[in-house]
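Report on one structure; see the data block that follows.
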Amino acid sequence: MKAMSKKKLAKLAGVSPRTFTRWLVTRRLELEAMGVKYTSHLLPPKAVKYICDEFCIILPENNSAKK
């Protein structure tokens, strides 16, 4: 799992960045517990995994490989 921007995750989810940000507000406490600030544009791998699991976002194969 790699770090990823909110904009790219929104695109993979098939929603606008604004809608995606509204989705993230519902998980703000969990993300802040991971050290992710509300204003962050780049999400760390741990947060990307959490968001993908919560919102059923499927990552492309080349991004999900561990290195």
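Any read-out appearing in this document is the output of simple, stated calculations on the displayed coordinates, not a laboratory observation. Quick caveat: nothing in here was measured; it's all calculated off a predicted structure. All Cβ positions, even for glycine, are placed from backbone atoms using ideal geometry, and neighbour counts span all protein chains on display.
Can you tell me how many residues within segment 1-15 are farther than 10 Å from LEU43 by Cβ and surrounded by 15 or more Cβ atoms within 10 Å (Cβ to Cβ)?
Result for segment 1-15: 5.
List the pairs whose first member sits in segment 16-40 and is surrounded by fewer than 14 Cβ atoms within 10 Å (Cβ to Cβ), whose second member is in a loop (DSSP other than H, G, I, E, B), and whose Cβ atoms are under 7 Å apart, counting only residues at least 6 apart or on separate chains?
What qualifies is ARG28/TYR38.
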